[in-house]
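Peer 1: Okay, here's the structure, questions in a sec.
The values are calculated or read from the model by the stated rules, or taken from the named source; none is laboratory data. Values in this document were obtained by computation on a predicted structure and should not be read as measured data. Methodologically, a virtual Cβ is constructed for each residue, glycine included, from the backbone with ideal geometry; neighbour enumeration extends over all protein chains shown. Ligands, DNA and RNA are stripped out before the accessible areas are found, and what is left, the full protein with its side chains, is counted by its heavy atoms. Shrake-Rupley method; radii C 1.70, N 1.55, O 1.52, S 1.80 Å.
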Amino acid sequence: MILVTGGAGFIGSNFVLDWLEAMDEPVVDLDRLTYAGNLENLRSLANDPRHIFVRGDIGDFALVAQLLAEHRPRAIIHFAAESHVDRSIHGPEDFIQTNIVGTYRLLEAARGYWSKLTETEKAAFRFLHVSTDEVYGSLGPAEAPFSETHRYEPNSPYSASKAGSDHLVRAWHHTYGLPVLTTNCSNNYGPYQFPEKLIPLMIVNALAGKPLPIYGDGQNVRDWLYVKDHCSAIREVLARGRVGETYNIGGWNEKTNLEIVRTICQRLDTLRPRPDGNTYAAQITFVKDRPGHDRRYAIDARKIERELGWRPRETFETGIEKTVKWYLDNPEWVAHVQSGAYREWIDRQYGS
Ligand code: NAD
Ligand code: DAU
């Protein structure tokens with residue numbers, strides 16, 4: 001049995017689905033179901049007794065302690081977070097509460113549970129913290145990609161709150177001996193991603209005939225990783241990662257935002273041509289930049305390859321093809337997530 005937090009979100013739900021396919025080991029899934037959590041992602045598990053869903057907050061110490069005592073997991077995989085940089089700029093409070101205070105309470109509950117295990121169980125237990133490359137800050141064009149020893153220089157309320165959580169996880173290992181692992185990953189994309197993030201936003205806007213809003217000059221660079229590759233990397237780190245260590249996870253796919261959006265337009269031009277025969281790229285619009293927008297992220301993922309033999313399976317070309325097709329094949333999922341709350345956010349961020 002493992003405990004997953006945030007298992008109804010984008011990466012968490014992909015992880016739970018892949019885990020139950022690959023491992024046949026039950027999962028307790030603790031998720032508060034914020035705007036980003038969606039049980040529709042897990043609909044295929046509705047009658048699967050191996051998936052136990054609990055709606056609740058990672059910051060609810062009593063609830064987490066009770067779940068740990070009841071289910072006695074051998075590991076906690078911690079995905080739950082507020083994850084959207086633009087939202088963190090508009091309202092940092094939730095990010096501090098969930099990403100820092102919530103992670104602290106989760107660590108305390110885990111420590112209480114772990115300290116009462118037998119010596120063998122204690123040695124086998126793992127707390128795997130899922131973090132981001134954004135904690136390392138922004139790179140210049142010629143700088144080497146982020147390695148695990150790169151200094152922490154977070155620039156947004158989101159990345160600062162994730163950096164805070166990374167430091168807490170590290171301290172709980174160093175001070176109390178909790179067997180932790182931390183992963184810092186680059187931008188994920190794939191099925192079930194909420195359409196406020198770049199790739200799904202561009203796909204749904206393109207199909208709806210809306211503008212494709214690119215911040216600033218579109219030359220900001222991200223490294224892109226297909227979500228299922230992230231999930232397999234986490235399984236490897238959990239199985240064989242060295243306790244107390246950090247592993248950077250990346251796709252070896254540095255691209256500018258403009259390249260990403262143009263690629264999506266090309267795929268859509270082939271798979272679902274516009275009725276008027278024009279290219280979707282005609283919908284590209286340059287809009288006001290994100291405040292403090294990090295210019296470039298790049299991941300040096302050699303450590304996880306060297307130590308655990310993990311490399312991503314998808315190239316950007318194969319991953320984006322699968323992703324675009326998934327959004328085309330799942331219009332109901334898209335329609336359901338575009339609720340009143342979603343529309344409010346889009347109006348606030350981009351104007352009505
Ligand atoms: P997401 O926003 O899609 O999902 C987050 C999930 O956490 C949601 O289901 C939400 O309901 C849940 N949640 C939020 N606050 C909670 C709380 N207080 N208690 C319990 N559940 C809560 O996020 P995601 O993109 O799936 O990211 C998952 C994790 O991976 C995050 O920790 C994020 O920082 C990290 N990460 C994401 C990316 C990316 O590109 N998406 C890249 C690197 C790292
Ligand atoms: O690097 C990992 C991080 O990637 C994760 O930790 C975060 O949880 C995840 O949200 C993501 O953060 P980004 O800020 O990089 O993702 P986002 O999809 O919001 O933006 C990607 C890039 O696209 C960024 O440079 C901003 C730009 N962008 C984004 C949106 C939503 C646009 O140009 N226009 C947009 O409308």
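Peer 1: Check which residues have an amide H placed less than 5 Å from ASN253's amide H, if you skip close sequence neighbours.
Peer 2: TRP224
Peer 1: Given only helices, namely DSSP H runs of n ≥ 4 each adding -39500 (n - 2.57), what is the per-residue ellipticity at 222 nm of the chain, to the nearest 500 deg cm²/dmol?
Peer 2: Using -39500 (n - 2.57) per qualifying helix, the result is -12500 deg cm²/dmol.
Peer 1: Mind checking the per residue accessible area of the chain for me, 1.4 Å probe, whole number of Å²? If you can, show how the numbers build up before the last one.
Peer 2: Working: 15070 Å² over 352 residues.
Normalised by residue count, the accessible surface of the chain is 43 Å².
Peer 1: Counting only protein heavy atoms and using a 1.4 Å probe, what share of the accessible area of region 25-156 belongs to carbon plus sulfur, as a whole percent?
Peer 2: Accessible surface attributable to carbon and sulfur in region 25-156 totals 53 percent.
Peer 1: State whether region 1-121 is rounded, prolate or oblate according to the following rule on the C-alpha gyration tensor (a ≥ b ≥ c being the square roots of its eigenvalues): a/c under 1.5 gives rounded; otherwise a/b larger than b/c gives prolate, and the remaining case gives oblate.
Peer 2: It is oblate, given that a/c is not under 1.5 and a/b is not larger than b/c.
Peer 1: In the chain, what is the count of Lys pairs whose alpha carbons are under 25 Å apart, counting only pairs at least 8 residues apart or on separate chains?
Peer 2: 22
Peer 1: Between 0 and 90 degrees, rounded to the nearest ten: what's the tilt of helix 10-22 against the longest Cα principal axis of the chain?
Peer 2: In the chain, helix 10-22 runs at an angle near 60 degrees to the longest axis.
Peer 1: Given points 7 Å out from each Cα along the Cα-Cβ axis, report the GLU332 to GLU93 separation in nanometres with one decimal.
Peer 2: 3.8 nm
Peer 1: Further question: Hey, what do the phi angles of region 120-130 turn into as Karplus ³J(HN,Hα) couplings, whole Hz, using 6.51/-1.76/1.60 and θ = phi - 60°, x for Gly and Pro?
Peer 2: With coefficients 6.51, -1.76 and 1.60, one gets 5, 5, 4, 5, 7, 5, 9, 10, 9, 9, 8 Hz.
Peer 1: What span do the alpha-carbon atoms of the chain cover on each of the three principal axes, reported in whole Å from largest to smallest?
Peer 2: The Cα atoms of the chain stretch 67, 48, 38 Å along the principal axes, largest first.
Peer 1: I would also like to ask the following. Using the C-alpha gyration tensor of region 167-264, what are the square roots of 5 times its eigenvalues, in whole angstrom, with the largest one first?
Peer 2: 34, 14, 12
Peer 1: Hey, can you grab everything whose amide H is under 5 Å from the amide H of PHE127? Only 5+ residues off in sequence or another chain; H modelled, so Pro and N-termini drop out.
Peer 2: ILE76, VAL180, LEU181
Peer 1: So which GluC sites (Glu not before Pro) in region 287-324 end up in coil per DSSP with only 12 or fewer other C-beta atoms within 10 Å?
Peer 2: Listed in order of number, the matching sites amount to none.
Peer 1: Something else: How about region 115-161: which GluC sites (Glu not before Pro) there are in a DSSP loop, with at most 13 other Cβ atoms within 10 Å of their Cβ?
Peer 2: GLU143
Peer 1: Which whole-Hz couplings ³J(HN,Hα) result when phi for each residue of region 249-257 is put into the Karplus expression 6.51 cos²θ - 1.76 cosθ + 1.60, θ = phi - 60°, listed in order with x for Gly and Pro?
Peer 2: Coupling constants for region 249-257: 10, x, x, 6, 9, 7, 9, 6, 4 Hz.
Peer 1: So, one more: Please report the carbon-and-sulfur percent of the accessible area for region 220-352; probe 1.4 Å, protein heavy atoms only, DNA, RNA and ligands left out.
Peer 2: On the way: 3070 of 6570 Å².
That fraction is 47 percent.
Peer 1: While we're here: Output needed: percent of Cα pairs per 10 Å distance bin for region 263-325, bins running from 0 to the one holding the longest distance.
Peer 2: Reading upward from the zero bin: 16, 27, 32, 20, 5, 0.
Peer 1: Also: At a threshold of 8 angstrom on Cα-Cα distance, excluding pairs fewer than six apart, so keeping six or more, what relative contact order does the chain reach in percent?
Peer 2: This gives 17 percent for the chain.
Peer 1: Report, to the nearest 10°, how far helix 340-350 tilts away from the longest principal axis of the Cα atoms in the chain, using its own Cα long axis and a range of 0 to 90°.
Peer 2: Approximately 60 degrees, to the nearest 10.
Peer 1: Using alpha carbons only, how many degrees (0 to 90, rounded to 10) separate the axis of helix 103-115 from the longest principal axis of the chain?
Peer 2: Helix 103-115 and the main axis of the chain meet at about 30 degrees.
Peer 1: What translational diffusion coefficient, to the nearest whole µm²/s, does region 287-352 have by Stokes-Einstein, given a Kirkwood radius computed over alpha-carbon pairs, a temperature of 10 °C and 1.306 mPa s viscosity?
Peer 2: It diffuses with D of about 98 µm²/s by this estimate.
Peer 1: Relative contact order of region 98-189, please, whole-number percent, based on alpha carbon pairs below 8 angstrom and at least 6 residues apart.
Peer 2: 42 percent
Peer 1: Right, here's the next one. Which order, highest average first, do 183-194, 241-252 follow once you tally other Cβ atoms within 10 Å for each residue and take the mean per peptide?
Peer 2: Numbers: 183-194: 23.3, 241-252: 20.7.
In descending order of packing, they fall as 183-194, 241-252.
Peer 1: Give the percent of DSSP beta bridges with both residues in the chain that are antiparallel, rounded to the nearest 5. Display every interim value, and only then the final one.
Peer 2: Details: 3 of 39 bridges.
The antiparallel fraction comes to roughly 10 percent.
Peer 1: What does the C-alpha gyration tensor say about the overall shape of region 159-223? Classify as rounded when a/c is under 1.5, otherwise prolate if a/b is larger than b/c, or oblate.
Peer 2: Cα axes put region 159-223 in the prolate bin.
Peer 1: So how far apart, in nm, are the two label points at ASP48 and ARG74 if each is 7 Å from Cα heading toward Cβ?
Peer 2: 1.9 nm
Peer 1: Give the long-range amide H neighbours of PHE53: residues separated by 5 or more places, or on another chain, with amide H under 5 Å away, using H modelled in the peptide plane at 1.01 Å from N.
Peer 2: Residues meeting the criterion, in which the H sits 1.01 Å from N, are ASP29.
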